[in-house]
Amino acid sequence: MSEASQEPEHDAGHPPESGPARRRADALASRERILTAAEALVGDRRTTMAEIAAAAGVGRSTLYRHFATREDLSAALAQEAGREADAAEAQPSRRLAPLPYQAPGRLGRAQPLALEVTHVLDEVPPHLIADQLVAEARRAAGVAVALYIVDIDGSQLIRLAGSEDFPETLEAPPALGPEIVPEGLPAFYELLKRRLPRCVATPLWLRGRVIGLLLCVGAPVAPLDDIAKQGAAALELANDYTDVIEATRRRKPTTAAAEVQYHLLPPRVARVTGAQIAGALLPAYEVGGDWFDFVENRDGSWLAIADTAGTGPTAAGLGASALGALRAARRSGRDLVQAAESIDEVVRALGNPSFVVTALLARWHAPTAMLAWLNCGHPPAYVVDRDGAFTELEGPVHAALGAGDGPPSFEVAAVSLEPGDRLVLYTDGITERFVKGGGRFGADGMQRAVQAAGATTAAATAMAIQDAVMSAATDPLQDDATLVVLAVD
């Protein structure tokens, strides 16, 4: 997206001012959007300037004209916070806390309970963690509080705990599966002001991900940021010991295949050395053949995407076996070729000639800015530049894993990635999607979606493609639509 297209638009009914006054007004509006976006993302200390620019809807050059360095932006935020604190201090109703306040990091109802995430389940039953978190937040805030999480398909916020005065569901911020895309928070806060004008939201941050929101009626007496951060870790830990959180995320029953598939996946948004990663899978309730995976190890960040033959429980079981082979190979210190050989061996050992897996395995090494990859019968990857132009990664394409009479030999390809480049891996459920008026979505559809959205970050790029695929036709998806995006910082 061009810089000009991201500047504030004027009401068609009121001609814009001209000359210096117009430029000053535009500059002030851009600065305000930047500060609003930076404040919304302040919960993640590793947020990049590019992500702040994307959330503010401005180009990087506009951001750096206002704030030459991250330190300048932090200083401006601190100055704004100081003004707000002075204004609050001037109001007697804000100076007096109407309810007792326990220090952040303590969790309990009648008595404070130290929150040490590694031991929290020794003190609080896992199915009660959400209720205890809301009780602590309510005591600290001095107002009514509710805890919301995102449905597994990212379509809505669902109240997990808290007062029934709050809506049971809300339209979700932009989300990839059950995780909120951080860049979408500023726009969501504006929508929240219109839907629930007296409510204030505090995001639950966990390693650059937003896994839920605390909503308060009115401004809290004490900030809930620390409670939200520690509560996010407690919820993540408790989720392995109870079905309460996952059951709330499901608006309708899932199939056995979809349930297996869902639990194969890593977090949807992650930061690794020198890059951001985002993944998406649609639909969330059906099929079961695709998966993606990523992890950061000493030898770099591994990315993988795969599509297994068949549908339903058979595809889910085959996918689980293939992913298990990949993870076992990684954890045994094997390289890309050896990992592909391990998956091929496992698929063949299942003894069914129709069992095959297409996959693209890759490894990103930040110090050298090199991406190594290996394609096993899978659709080609693309590199997207700063302008949104797609370039296909050219390299050897091997047979699908498990296909043919015997184990294949593999050849690894490599390419250097520049800052601002994005790598897009996908399954054919995206490119083969039928669109209104005939034809298929294709790689051209991905490029149009990214350029139209002006997406620059990994999460925004994945969101743009996901939304375009879903809106391309009214018919339900006939196949899993899966993608992974790596964006180089």
Exercise. Give the shape of segment 375-427 as rounded, prolate or oblate, defined through the alpha-carbon gyration tensor: a ≥ b ≥ c are the square roots of its eigenvalues, a/c under 1.5 means rounded, and otherwise the shape is prolate if a/b is larger than b/c and oblate if not.
Key: prolate
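Dipole size in debye (nearest 20) for segment 234-325 around its Cα centre, Lys and Arg Cβ +1, Asp and Glu Cβ -1?
Values: 7 positive and 11 negative charges, 53 e Å.
So the dipole magnitude of segment 234-325 works out to roughly 260 debye.
In whole percent, and with a 1.4 Å probe on the protein chains, what portion of the accessible area of segment 357-427 is carbon and sulfur? Please report the intermediate quantities before stating the final value.
Numbers: 1440 of 2850 Å².
Roughly 50 percent, rounded to a whole number.
Where does segment 430-477 land on the Kirkwood hydrodynamic radius, alpha-carbon pairs, in angstrom? Each step should come with its number before you reach the end.
Numbers: mean 1/r = 0.0937 Å⁻¹.
Mean inverse Cα-Cα distance, inverted, gives 10.7 Å.
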Quiz item: If you stretched the chain out fully between H263 and S332, how much longer would it get, using 0.36 nm times the residue separation minus the C-alpha to C-alpha distance?
Solution: 22.6 nm
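Can you sort F434, F292, F410 by solvent-accessible area, 1.4 Å probe, largest first?
On the way: F434 120, F292 0, F410 30 Å².
If we order F434, F292, F410 from most to least accessible, we get F434, F410, F292.
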Quiz item: Check A275: other-chain or 5+ apart residues with amide H under 5 Å from its amide H, H built from backbone geometry?
Solution: D489
Exercise. First measure r as the distance between the Cβ atoms of H365 and R251, then evaluate 1/(1 + (r/R0)^6) with R0 = 35 Å and state the FRET efficiency to the nearest 0.05.
Key: 0.30
Self-check item: Charge dipole (the chain, unit charges on Cβ, about Cα centre) - positive-most of T62, V145, T482
Solution: V145
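If you count only protein heavy atoms with a 1.4 Å probe, what accessible area per residue comes out for the chain, rounded to a whole Å²?
Accessible area per residue: 45 Å².
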Exercise. Mind ranking R386, R271 by accessible surface for me, highest first, 1.4 Å probe?
Key: R386, R271
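Report, to one decimal in Å, the Kirkwood hydrodynamic radius for segment 407-489 based on all distinct Cα pairs. Numbers along the way, then the final one.
On the way: mean 1/r = 0.0720 Å⁻¹.
13.9 Å is the Kirkwood radius here.
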Exercise. Using a 1.4 Å probe and counting only protein heavy atoms, arrange T461, T273, T248 so the residue with the most accessible area comes first.
Key: T273, T248, T461
Self-check item: Extended-chain gain in nm, criterion 0.36 nm per residue less alpha-carbon gap, T69 and S155
Solution: 27.4 nm
Practice problem: Enter the accessible area of W205 (Å², nearest 10), with the probe set to 1.4 Å and all protein chains included. | Solution: 20
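What fraction of the Cα pairs in segment 254-326, stated in percent, has a spacing above 21 angstrom? Provide the component values of the computation, followed by the final result.
On the way: 710 of 2628 pairs.
Result for the distance tail: 27 percent.
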Quiz item: In nanometres, what is the gap between the two model label sites at D122 and D243, each 7 Å from Cα along Cα-to-Cβ?
Solution: 2.9
Quiz item: At a probe size of 1.4 Å, how large is the accessible area of E171, to the nearest 10 Å²?
Solution: 130
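With the full set of protein chains in place, find how many percent of the accessible area of segment 269-341 is carbon and sulfur; take the probe as 1.4 Å.
Working: 1140 of 2410 Å².
Answer for segment 269-341: carbon and sulfur cover 47 percent of the accessible area.
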Quiz item: Using a simple charge model, +1 on the beta-carbon of Lys and Arg, -1 on the beta-carbon of Asp and Glu, nothing else, what dipole does segment 302-359 show about its Cα centre, in debye to the nearest 20?
Solution: 200
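What are the semi-axes of the equivalent ellipsoid for the chain, taken as the square roots of 5 times the Cα gyration tensor eigenvalues, largest first, in whole Å?
For the chain, the ellipsoid semi-axes come out as 40, 29, 20 Å.
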Quiz prompt | Solvent-accessible area of D153 with every protein chain in place, 1.4 Å probe, in Å² to the nearest 10 | solution = 40
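The values are calculated or read from the model by the stated rules, or taken from the named source; none is laboratory data. Predicted, not measured: the structure shown is a model, and the values here were computed from it. Here the Cβ is made from the backbone with ideal geometry for all residues, glycine too, and neighbour counts use every protein chain on show. Areas reflect the complete protein model, heavy atoms only, side chains present, ligands, DNA and RNA absent. Shrake-Rupley method; radii C 1.70, N 1.55, O 1.52, S 1.80 Å.
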